[in-house]
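Quick note: the coordinates plus some simple rules give every number you see, no bench work behind them. Quantities reported herein were computed from a predicted structural model and do not represent experimental measurements. Quick reminder, even Gly has a Cβ in these numbers, built from the backbone with ideal geometry, and neighbours come from all protein chains shown.
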Amino acid sequence: MKGIGSEVMQRVSTLAFSLDSPGRRRTLLVVEVFLAILATVILWRIPRKINHITKDSTAVLWDATTIGRNFMAPLHALLGRVKGYSWYHGPGRYKSVSITDNQERTILRVNTTILSHSIKEVDGYHRTLGVPLSRIKTVGVTRHHPDWIETLQKYETRSETPDEKNTLLIISRQEKIERIPTSRKLEYLRDIKVASKLLGLHIKVKPHPKESNFDHYYQVFGPEGSAHSWSLTDKQITLLAQETMFAVCFRSYGCLDLTVMGVPTIERLNLIGLPGYDNGSSYRDATGAPILEIRRDGHVLGASTSEEFFARVHQVVNDYGGSVQTLQDSYRAYYHLPITCPKKIAAEIIDNVRNSQG
């Protein structure tokens with residue numbers, strides 16, 4: 001579906017560009033009016049569809065940190081009358097959001113229960129979202145619970161060579177140019193290409209759900225596919241752990257999905273000299289290089305330069321167990337353990353809803 005949407009938008013852009021000439025401006029205006037009407041109809045129907053779907057709902061599972069986003073506005077009425085249970089949308093840490101709208105604050109204060117990854121996040125949820133402490137439950141990263149991972153694995157075809165780790169995984173995402181200039185992104189990919197050839201590993205790229213442009217990968221790696229040096233994959237990261245020797249990310253808490261599976265991740269990211277990231281408020285590593293929170297907190301093996309990257313690769317190859325242990329120690333230092341079983345959480349939600357209905 002995402003590919004179809006991207007293709008449609010590309011064709012619309014091509015059409016608009018071709019019509020943007022003095023002799024065809026009138027046709028372009030007609031196209032613009034048509035698209036504006038179409039967008040209005042779609043936006044008008046979305047709330048009606050949501051109301052139809054949710055009129056009988058008694059509970060909502062959602063991410064409370066998104067309440068101020070425009071796409072959540074049609075759900076405010078629903079969230080104001082039913083019990084809401086909030087999971088943070090990824091395995092990463094809660095990042096504070098500012099809530100100023102009174103209706104949004106009431107929804108959070110009165111109807112929402114937070115399911116937190118860590119006891120260290122409780123104060124932040126309480127202070128910034130206004131959720132009472134009695135309704136902030138620390139459960140850990142539930143997608144890392146063994147029962148959930150086992151459930152995922154039931155739907156996965158097991159490898160004929162389960163002990164053969166022949167993949168170098170890239171946890172990809174579409175980054176803003178201010179953080180990863182094109183020249184640096186190409187440098188990162190060239191480093192990864194060298195490492196994969198030295199170790200005889202096939203590169204697999206796991207895209208972010210919002211990512212659709214892979215031109216840089218084709219530019220550096222060449223043709224894509226299982227018969228070539230690299231391929232794209234839509235498999236869940238946890239399920240890729242079985243075949244992955246190590247992963248490389250540019251900035252992603254998806255690395256934690258591999259940490260719990262005993263696979264190390266190297267972060268290849270150089271922020272040196274970038275105005276928005278190399279300044280007086282930057283976190284810094286032992287060399288003085290600016291870094292982001294994920295590296296500061298030890299969730300990745302950091303590498304700002306090519307030399308550091310290949311040193312990290314050497315570290316992984318020669319001390320695999322120690323590399324994994326370092327990352328798992330950092331995980332345990334922050335995230336709540338033991339993780340609450342998702343089935344237990346689901347049962348409690350159902351009980352709470354039934355009790356509230358009397």
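Ordering L133, L75 from the fewest to the most neighbouring beta carbons within 10 Å gives L133, L75.
Per residue, the convex hull spanned by the alpha carbons of segment 55-152 comes to 114 Å³. Taken over segment 150-334, the percentage of Cα pairs per 5 Å bin, counting from 0 up to the bin with the maximum distance, is 1, 8, 17, 21, 21, 16, 10, 4, 1, 0, 0. The order of C249, C341, C255, going from fewest to most other C-beta atoms within 10 Å of their C-beta, is C341, C249, C255. Pull out a ≥ b ≥ c, the square roots of the eigenvalues of the alpha-carbon gyration tensor of segment 86-214, then state rounded if a/c is under 1.5, prolate if not and a/b is larger than b/c, and oblate in the remaining case. In terms of gyration-tensor shape, oblate.
Note on R81 and L198: with the Förster distance fixed at 41 Å, the Cβ-Cβ geometry gives a FRET efficiency of about 0.10.
Counting Lys and Arg as +1 and Asp and Glu as -1 over every other residue whose Cβ lies under 11 Å from the Cβ of F310, the net charge comes to -1. For segment 210-327, DSSP calls about 25 percent of its internal beta bridges antiparallel. Hey, how much of the P(r) for segment 284-358 falls beyond 21 Å, as a percent of Cα pairs? Beyond 21 Å sits 51 percent of the P(r) for segment 284-358. Roughly how many whole Å is it from the C-alpha centroid of segment 292-313 to that of segment 203-268? Centre-to-centre (Cα) distance: 17 Å. Note that segment 84-89 has calculated 3J(HN,Hα) couplings of x, 10, 10, 10, 5, 5 Hz, one per residue in order, obtained from phi through the Karplus relation 6.51 cos²θ - 1.76 cosθ + 1.60 (θ = phi - 60°); glycine and proline are x.
Summing charges over all other residues whose Cβ lies under 14 Å from the Cβ of N270, with Lys and Arg as +1 and Asp and Glu as -1, gives 0. Other residues within the sphere of radius under 15 Å centred on the Cβ of D191, judged by their own Cβ, net out at +3 (K and R +1, D and E -1). Fewest neighbouring Cβ atoms within 10 Å first, the residues R127, R251 line up as R127, R251.
Extension gain, K120 to D351: 0.36 nm times the residue separation minus the Cα-Cα distance gives 80.4 nm. Taking amide hydrogens as placed 1.01 Å from N in the peptide plane, the amide H of V205 sits under 5 Å from those of I170, S231, L232, T233, each at least 5 positions away in sequence or on another chain.
About its Cα centre, the dipole of segment 208-278 is roughly 80 debye, where the only charges are +1 on Lys and Arg Cβ and -1 on Asp and Glu Cβ.
Bridgeable lysines around K193 (alpha carbons under 27 Å apart, same-chain partners fewer than 8 residues away excluded): K165, K176, K185, K204, K206, K210, K235.
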